[in-house]
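Have a look at the structure below before the remarks.
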Amino acid sequence: MNNKGFTLIELLVVIVILSILATFVGIRIMGKPEEARRTQAQIQIQALENALKMYKLDNGEYPSTEQGLKALVEKPATGTAPRSWREGGYLDKNAVPKDPWKNEYVYLYPGVRNPDDFDLFSNGADGQPGGEGDGEDVGNWETEDQGAKSGNN
């Protein structure tokens, strides 16, 4: 008989190896949930920045603070009317995401930290401006600072 399958022992060995790997990966990920949330916030901020840049390319300027990030999913009815707002908006899911702590992102144009541009940030785990540690704000100024440090700005 020429059976071309796996034996029960071979399958058990593979399952044990995968379980051990999953345990190590799970421990590493579960051990740093705040770091993972901060990274997720930075990624979302970069995506929102790209959408805002597309908005500016189409309309000549960024949405005002009053219009906010909602201008990326709905044509603004207040302030300066966008001249060429893209049908369907500028975000894939046609909704402005919340930060990883389930709070709204803060958008200011012109920015306080970036007076020639906009500020886009999350207030972090504590939901309050400023803060330290896990409660520290995560903003678009961090990605610009990192680019300047690495010489890519």
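Here are the numbers:
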item	result
Calculated FRET efficiency for the pair Val25/Leu57, C-beta based, R₀ 35 Å, to 0.05	0.30
Straight-distance crosslink candidates among aspartates and glutamates, where the alpha carbon sits under 19 Å from Lys32 and sequence neighbours closer than 8 are dropped	Asp99, Asp126, Glu132, Asp134, Glu136, Asp137
Three-way shape label, segment 36-150, alpha-carbon gyration tensor, a/c 1.5	prolate
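Every number in this text was worked out from the coordinates using simple rules, so none of it is lab data. Just so it is clear, the model here is predicted, and its values are computed rather than measured. Cβ atoms come from the backbone with ideal geometry, glycine included; neighbour counts cover every protein chain shown.
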